[in-house]
1. Go through region 41-55 and report how many residues are surrounded by fewer than 16 Cβ atoms within 10 Å (Cβ to Cβ) and charged (D, E, K, R).
2. When you scan region 326-358, how many residues do you find that are touching an Asp or Glu at 6+ places or on another chain (Cβ under 6 Å), open to solvent by 30 Å² or more (accessible area, probe 1.4 Å) and of a type in the set (Val, Ile, Thr)?
3. Residues GLY289, GLY254, GLY260, GLY315: which one is at positive phi and either open to solvent by 50 Å² or more (accessible area, probe 1.4 Å) or modelled with pLDDT of 95 or more (or both)?
4. Within the group GLY58, GLY38, which residue is crowded, with 16+ Cβ neighbours inside 10 Å and of a type outside the set (Ser, Thr, Tyr)?
5. With respect to GLU174, is the statement that it is of a type in the set (Asp, Glu) and surrounded by fewer than 24 Cβ atoms within 10 Å (Cβ to Cβ) true?
6. Being free of Cβ contacts under 8 Å to residues at least 60 places away in the same chain and out of contact with any strand residue (DSSP E or B) (no Cβ under 6 Å at 6 or more places or on another chain) is the filter here, so list the residues in region 353-366 that pass it.
7. Name the residues in region 192-230 that are part of a helix (DSSP H, G or I), open to solvent by less than 70 Å² (accessible area, probe 1.4 Å) and at positive phi, would you?
8. Return yes when LEU150 is touching a Gly at 6+ places or on another chain (Cβ under 9 Å) and either closer than 30 Å to PRO10 by Cα or hydrophobic (A, V, I, L, M, F, W, C) (or both) and no when it is not.
Amino acid sequence: MPHLEVPLPPATGAWREGDPPGRRRWYAAEKPLPLEAGGELPGARLAFETWGRLAADGSNAVLVLHALTGDSHVVGPAGDGHPTPGWWDGLVGPGRPLDTDRWFVVAPNVLGGCQGSTGPASARPDGGRSWGGAFPFLTQRDQVAAEAGLADALGVERWALVVGGSMGGMRALEWAVSQPRRVAALLLLATTTAASAEQIAWANVQLHAVRADPHWQGGDYHDTGRGPHAGLGLARRLAHVTYRSEPELHLRFGRTPQGGEDPFRGGRYQVESYLDHHAAKLVRRFDAGSYVVLSEAMNAHDVGRGRGGVRAALGRVTARTLVAGVDSDRLYPLAQQSELAALIPTADRLRVVESPYGHDGFLIETEQVASLVRELLG
């Protein structure tokens, strides 16, 4: 991968046993987790972080669910155990929309992820090698089932609010459909009832990029000392283009060359340098195996599967619901959120986040998201 200034990790950017725990805590399932696709996952653990204090009656718990390459570190600085600062830093904390003087905020690292939860980089329960390519196929429903176990362990019978965007929105929706009595309010951001053909197609190209890397080795690279960093970097470059909007890229970069580089002599344009930067960041903090497992889980997302279709499934939702999309989102276009708002019986009208930043607008436009949180929580 060109233009990398910091040495790459030996095989993966995942958190692994022996690394500093940071603010993480862990929930360990007592029994193997049955999986929707068949079989079970033994020894499943979820890493999670909390802020605030759970009320005596358990009524003030809020569940925050991250997107594809997020983790449990919603708020706080980077440091030992946390390779990046909080990804929704302006939303959680004293005096903020999710005021931790009032709310008990819980953020798990998704099952299959790589920042403390059980995933391909994790050691198998027998203490042997990493799961690697033998890690089982997961769906959003499996991930929510694991999170329900975490809720039980924390003493949370009902979430005051479940909020998520993109992949986190898929899980938030699954919570409200599969366990409606446990969700009082629901905020869905830049997500969909089911992965579309185009979304699956974009993910398919990214998956091919990872698997085509000679260091992929069928997913069994974690203990070899070399990982598929080039493939993961290519996947991230492609994904990041879909996360932003064409007008933003044009306004920020246009056709301007990077620094003193000359594109006619092997140099880069600024937009190419930008994509290189995001690829380099991801390979140092993420795991290619988790990228594959989670992308496949997103492709499998279909809230109507086995439930009589989307309309019947969404009819199960009883939580007070707000659905919002980003006006410039070309990956999860507004039509998908319009369908959610129209078919969820407890949903208000579709809300639109105005942003030039495309799909990433749900992460960047904190004030607009904050107003939706305040509306639901009062």
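1. 1
2. Going through region 326-358 one residue at a time, the tally reaches 1.
3. Working: GLY289 fails: at positive phi; GLY260 fails: at positive phi; GLY315 fails: at positive phi.
Residue meeting the stated conditions: GLY254.
4. Values: GLY38 fails: crowded, with 16+ Cβ neighbours inside 10 Å.
After applying the criteria, what remains is GLY58.
5. Details: of a type in the set (Asp, Glu): yes; surrounded by fewer than 24 Cβ atoms within 10 Å (Cβ to Cβ): no.
In short, no.
6. Of region 353-366, the ones free of Cβ contacts under 8 Å to residues at least 60 places away in the same chain are 354-355, 364-365.
Scanning region 353-366 gives GLU354, ILE364.
7. Answer for region 192-230, where residues must be part of a helix (DSSP H, G or I), open to solvent by less than 70 Å² (accessible area, probe 1.4 Å) and at positive phi: GLY218, GLY219.
8. no
The values are calculated or read from the model by the stated rules, or taken from the named source; none is laboratory data. All of these numbers come straight from a predicted model, not from anything done at the bench. Cβ coordinates were reconstructed from backbone atoms using ideal geometry, including for glycine residues, and neighbour counts include every protein chain displayed. Quick note on the areas: whole protein, heavy atoms, side chains included, nothing else; ligands and nucleic acids left out. Shrake-Rupley method; radii C 1.70, N 1.55, O 1.52, S 1.80 Å.
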